[in-house]
């Protein structure tokens, strides 16, 4: 395995982590991706500039494919630059300054010259005036319940910014906080990013906000239905998988549903980890469409025939009739059992 050269323009010494990373990027990333990024920072700022993908995998107890996926994820987020040769062999990793994040991927990006008012600081007397209003007191209390913490003065000012300057109603702010928390983030910076995008889009009512988030909700429950789960909402670990499939892997809904269908066909019960392994395999093989899946299955069928093994009967799906196997399902099942 070739050694990789780590480079950066960050200062050496102690391992420092950008607040932008902690506030914006870490809440939306998987734990595995976060560990890889933090380990790179530790290696670099600790003076270890010569590493390998295999070494990273050993240190974090991941596979090399896991490490490469994490590196590509952070490159896509703009936190790393991967240096490769003409044959696409990874040679180096350049750790970039953490960029200011764009708005939520489901929201609109806000131009710099936008008419949305900038935040202002409130004086003690202004804060006291807000505190005298029953609606404001109730709003801050509800936000604390959703965020499961006592709001800091800065967080209170941000909530009041939504109320006083963006002119969001109390109901809309409550829905905003509920929506972000349900998506897995209690970060006030993330909530503010979504709020600003809503303001740019002209959203002023809960119904308008719900209409905007309908696509996300529809996709989530379509996936739950594909697993035969119709009697409850998804729990946080399930939402993390769904976000990974639709955002990090960037699969269309039909491919995610196909992975769920194959999981149910094999295990006869919902299993998000099993479906994730299928989708990881498709990511590694650069699958983007149903046609790509069909070709993979055809290639597998040809390999099976060349080994003089009887080809199983194809099953009919909405992706046309093709063999539904491109994985070592027995090995996948063993791994799931070992990890359970």
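Here is how the numbers come out for the structure above:
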read-out: Residue within segment 46-57 that is part of a helix (DSSP H, G or I), more than 24 Å from residue 250 (Cβ to Cβ) and outside the structural domain of residue 248 (by TED's automatic domain parsing) present; value: yes
read-out: Residue match in segment 241-261 (condition: over 27 Å from residue 213 (Cβ atoms), modelled with pLDDT under 95 and outside any helix (DSSP H, G or I)); value: no
read-out: Every residue from segment 180-209 that is at pLDDT 90 or above and either part of a loop (DSSP other than H, G, I, E, B) or in contact with a strand residue (DSSP E or B) (Cβ under 6 Å, 6 or more places away or on another chain) (or both); value: 205
read-out: Qualifying positions in segment 250-271 - within 18 Å of residue 33 (Cβ to Cβ) and crowded, with 19+ Cβ neighbours inside 10 Å; value: 251
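The values are calculated or read from the model by the stated rules, or taken from the named source; none is laboratory data. Only a predicted model underlies this, so the values are computations on that prediction, with no experimental measurement involved. A quick note on method: Cβ atoms are made from the backbone with ideal geometry, for glycine too, and the neighbour counts reach across all protein chains shown.
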